[in-house]
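Taking it in order: structure first as structure tokens, then the write-up.
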Amino acid sequence: MSTDETEKAQAIEQAGEGETSVVQERLNWRLAQRDDTRVAHGLYAGEAIEEMHELSEAGLLDEFFAFLEEVGMMQVFEEVVLPDVKRMLVPTIQFVLLYLLKVLCGSESMHELPRVLFSNLALMELVGFNAQQCEQGLTKRGDAQRKTKRKQGPVTAQCLADNISKLNQEEMERLLNRMVQLLTGFGLLSGQILAALDGSKLPTPESYEGCGKIKQTRKGKVKGQKDPVTEDYYVYGWKVLVLIDVQTRLPLAMKLVPIQDYEGKWLVPLLEQAQSNLGTHARITTVVIDRGYLDGEDLFRVHQMGLIFVIVGKANMAVVQDAQGLAKGERASVRERVVRHGHAKKATQERVRTELVGLEALTSYDSYGEASQTHLSHRRDYVGQTINAVVVRKWENRVPKTGGTVYLTNGPVSDPFVVFDTYDWRSVIENGIFKEGKYPWHLLRFPKRNEAGVVVHCHFTLLVMGLCTAFRLWQAQQALTPTSDGQTHPSLSSSLLGGEGTARWRKRLQEENRDRIIVFLGSAYVIFHLAEFAVLTHVPIRRLPSPLGSPLHVLHRFGIGP
């Protein structure tokens, strides 16, 4: 008996004799395969159609799943194992793909899945379910009590939530790291990388099992009092830390921690994990960091790793105050530009001026260095490690009320605008990952009200966001690649997307696919324009949409005819 047959027999034995036929059927599941020529010839010859549905979101999955296969991510999904689960009527990969679909299609709630996802036969058949399973479910459990509400989908939303939440944090981190490694090997991450690191709170109700909590203060008004009152309150939940490549907006590493955890302790581990994921194909050379990671010992370790860091200092730091004082007597580097305000006859122009001062070898950052050195910072003869700074003396004609923003860096400051512009890339992670992640990716809508649900959903969301971004960048790159020999692909950058966000991209796909259908013939499928389907099934049609050409062109495209 072969290894595959042995594994199948063991699975059937574990499931029990009464479930043998079901398990056998599910063990033989496979994704539908696209075969344009096979289906087109079958239709033209009059073969019976297995299934036919309007396209809807399946238009997104067609090429996206092909991309996952080519990159190697589909094989990684097939290797996922639910820990401590022995009896499975549905292969683990189908739970993985169902939740991937939930995130990819922008479903906000688990409760809406039966209506918008599980009842979509085109989508369900692409991931291995058939029409009968979608309409009647995989089992008859609960049928005797069901009176009015009909079944919608092969499994329930609760079943999906319960099973997908069994994936632990180690397995989810492995999945995300494998994704980065595969995208790097595919050529989507290469060369020198400018990375950005930041964290975002994921607030939840206090009732979430395993959530952390952090005390915060806020000012509020009390009736009858003029002065605002300061009050303490607690925020519950988790915090997600993400390191990304700012050019492509692809995640390089991430960590989910309780909301009260200090972010700075993950700076070096995340950089090390990201560089391990990149291997020899790419190298992080610069990292821009939020001031939440402002720890001298950690920054010095980043310096020892050979990386350039840029971070904003805090106003109460001695090195910041020294830099602000020294900058007043130094000659500034200046940048001027003309800004246009208003429109038409009311349009005006303003010349704005920015002044920066670069300072080298400051030694008053006492905590910057190795722990064996910094613990002696209280001594009079202590001399700290040197660090450079850039002081913003004026920003677009606005003079700061205090000494000005100070950027701390271990890189050169001979041209302070290089440091200034480099730090500006940090906005990409806030706008392109966290704001985009919370909508339209619904990062805060967890499948279960506990830590397991938060862990799985956060990792899955970042995973699908990364794969989706990689897919769109790859498509845009291929479309712009010169056809002549010897030409290289254009460099990958989010600018290739033309500012189109996820929500607009989904809308565009719906518009492009509204006149298309998906046809299943045996185990193969193909996506046709309605006019193409009419030609292949011998329905007379006077005129085809101009991109399709004539009926003869349609037949020749599928290899039919003389």
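The values are calculated or read from the model by the stated rules, or taken from the named source; none is laboratory data. Fair warning: this is a prediction, and the values are worked out from it, not measured in the lab. When we count neighbours, we look across all protein chains shown, and the Cβ atoms used for this are built from the backbone with ideal geometry, even at glycine. Calculation scope for accessible area: heavy atoms of the full protein, side chains included, ligands and nucleic acids excluded. Shrake-Rupley method; radii C 1.70, N 1.55, O 1.52, S 1.80 Å.
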Task: Index of the failed condition, Thr354 passing every other in (1) closer than 29 Å to Leu252 by Cα; (2) among the polar types (S, T, N, Q); (3) crowded, with 18+ Cβ neighbours inside 10 Å; (4) in contact with a strand residue (DSSP E or B) (Cβ under 8 Å, 6 or more places away or on another chain) - done: (1)
Task: Test result for Lys255, charged (D, E, K, R) and part of a loop (DSSP other than H, G, I, E, B) - done: no
Task: Close pairs (7 angstrom Cβ cut-off, 6 or more residues apart or separate chains): without any contact (Cβ under 8 Å) to a residue 60 or more places away in the chain and farther than 17 Å from Trp395 by Cα in the range 328-352, loosely packed, with under 10 Cβ neighbours inside 10 Å and of a type in the set (Ser, Thr, Tyr) anywhere - done: His341/Thr348; Gly342/Thr348
Task: Residue in the range 79-91 that is acidic (Asp, Glu), more than 15 Å from Val519 (Cα to Cα), at pLDDT 90 or above and assigned to a helix (DSSP H, G or I) present - done: no
TODO: Those residues that are acidic (Asp, Glu) and at pLDDT below 75, I need them from the range 97-151; list them, please.
DONE: Asp143
Open item on the list: I want to confirm something. Restricting to the range 104-128 and keeping residues that are in contact (Cβ under 8 Å) with a residue 40 or more places away in the chain and assigned to a loop (DSSP other than H, G, I, E, B), which single residue is surrounded by the fewest Cβ atoms within 10 Å (Cβ to Cβ)?
Closed with: Ser109
- [ ] Go through Gln321, Gln373 for me and flag whichever is open to solvent by 40 Å² or more (accessible area, probe 1.4 Å) and either over 39 Å from the mean Cα position of the chain (by Cα) or over 21 Å from Gly292 (Cα atoms) (or both).
- [x] Gln373
TODO: Give the range 403-421 a look and list any residue that's more than 17 Å from Leu362 (Cα to Cα), under 30 Å from the mean Cα position of the chain (by Cα) and not aliphatic (A, V, I, L, M), or say none.
DONE: Phe420, Asp421
Open item on the list: Considering only the range 178-199, I want to know if a residue exists there that is open to solvent by less than 50 Å² (accessible area, probe 1.4 Å), of a type in the set (S, T, N, Q), touching a residue at least 60 places away in the same chain (Cβ under 8 Å) and in a strand (DSSP E or B).
Closed with: no
